[in-house]
1. Kindly indicate whether any position in region 201-216 is over 12 Å from G37 (Cα atoms), within 16 Å of ligand 2 (Cβ to nearest atom) and surrounded by 18 or more Cβ atoms within 10 Å (Cβ to Cβ).
2. Being touching a helix residue (DSSP H, G or I) at 6+ places or on another chain (Cβ under 9 Å) and modelled with pLDDT of 90 or more is the filter here, so list the residues in region 77-102 that pass it.
3. Within region 230-252, how many residues are among the polar types (S, T, N, Q), over 21 Å from V23 (Cβ atoms) and buried (at least 23 other Cβ atoms within 10 Å of the Cβ)?
4. If I ask for residues that are assigned to a loop (DSSP other than H, G, I, E, B) and touching a strand residue (DSSP E or B) at 6+ places or on another chain (Cβ under 9 Å), which ones from region 77-124 would you list?
5. Sort out which residues of region 195-211 are assigned to a helix (DSSP H, G or I) and within 26 Å of L251 (Cβ to Cβ), and write them in order of number.
6. Filter region 1-50 down to the residues that are β-branched (V, I, T), more than 16 Å from ligand 2 (Cβ to nearest atom) and under 26 Å from E253 (Cα atoms) and list them by number.
7. Name every residue in region 283-309 that is part of a helix (DSSP H, G or I), of a type outside the set (G, A, S) and surrounded by fewer than 19 Cβ atoms within 10 Å (Cβ to Cβ), in order of residue number.
8. Give region 284-321 a look and list any residue that's under 26 Å from the mean Cα position of the chain (by Cα) and within 16 Å of R249 (Cα to Cα), or say none.
Amino acid sequence: MTLLEVNDLAVEFTTAEGIVQAVKGIDFAVARGQTLGIVGESGSGKSVTSLAVMGLHRGAKVTGSVRFEGTELIGAPDETVRRLRGRRMAMVFQDALTALHPYFTIGDQIAEAHREHHGSSRKESWARAVEVLGDVGIPEPARRAGEYPHQFSGGMRQRAMIALALSCEPDLIIADEPTTALDVTVQAQVLDLLMRLKDERGLGIIVITHDLGVIARVADEVLVMYGGAAVEQAGAERLFTAPRHPYTRGLLESLPRLDAADGEPLHAIPGNPPSLLAPPAGCVFHPRCPVYAAADTGQRELCTAARPPLRLLADGHRNACVRSEETT
Ligand SMILES: Nc1ncnc2c1ncn2[C@@H]1O[C@H](COP(=O)(O)OP(=O)(O)O)[C@@H](O)[C@H]1O
Ligand SMILES: [Mg+2]
């Protein structure tokens, strides 16, 4: 059975300035042993999506369906969601320094989480903390468990946070920008660690990032978000070899490449992501879209009249550009 199945998920915030449609009806699924990558620029709704899956949105209107091994979480009693969140799904955030408590040792924090979820004794939970710290590649885990977060380097702290997530033996890990704060080499090590754990333990993993380079390294399936909506969805290989949406193509063109000819410029997507308080009509991307810009004035209505739905192409590839045939 699919571990996590999300259908038509939408999240709306009511603010003093008006209603913010942060996520507008997205669908995805994650199986055991599989990594879903969610990618998009800052403000595209990635974190709001992950918090909605974890049932962590207070005061937001969350609609649609989030099923964990068949159990519906949207509208479920708080207790059901809390139990799953502790035992079955865990999150890893970008900033380990804020996620970990500065006044308690790393070992204490992991041991306490383990005690809370498994009702284990102090001795058992400490042993388990040392074990998971070893599992995530922390050298001398018995000694390092007695240290405080500030005594760990950025990469080691990120490993410790993954250990904290693992201590409750989850089936699903959602990692939101897990390596954004790290140097490139350490980034690669932390991503490789997540992939190793996925394979060894058959975890389902969602990696959320603004960086297509991270997606290329880890994802099996990819969801590209823009302005709170999915604009393209495909297997990673297809997405990288045959991207369809102009936004995805723009992201790919702005990736640094080792094989680029000398002096070949990097392309940045012009302009900024939209405000979700007052998003552009029609396709949210059209104000920044080269295909829209190149279209005859008489043809532009195709992009501005209505928000294009995500359409199914071959091989489960989905694309929300109404001009996808023209853009191939
Ligand atoms: N609590 C909130 N109240 C109002 N708007 C919010 C709230 N949380 C997030 N948003 C808005 O939702 C949009 C998506 O945010 P987010 O999911 O954090 O983006 P990102 O893709 O960078 O993770 C942003 O425009 C943000 O301002
Ligand atoms: Mg975010």
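The values are calculated or read from the model by the stated rules, or taken from the named source; none is laboratory data. All values reported here derive from a predicted model rather than from experimental measurement. Ideal geometry is used to build each Cβ from the backbone, glycine not excepted, and the neighbour counts take in all protein chains shown.
1. no
2. M89, A90, M91, V92, L100, H101, P102
3. The total comes to 0.
4. R88, F93, Q94
5. M195, K198
6. T35
7. P287, P290, T297, Q299, E301, L302, T304
8. Within region 284-321, V284, F285, H286, P287, R288, C289, H317, R318, N319, A320, C321 qualify.
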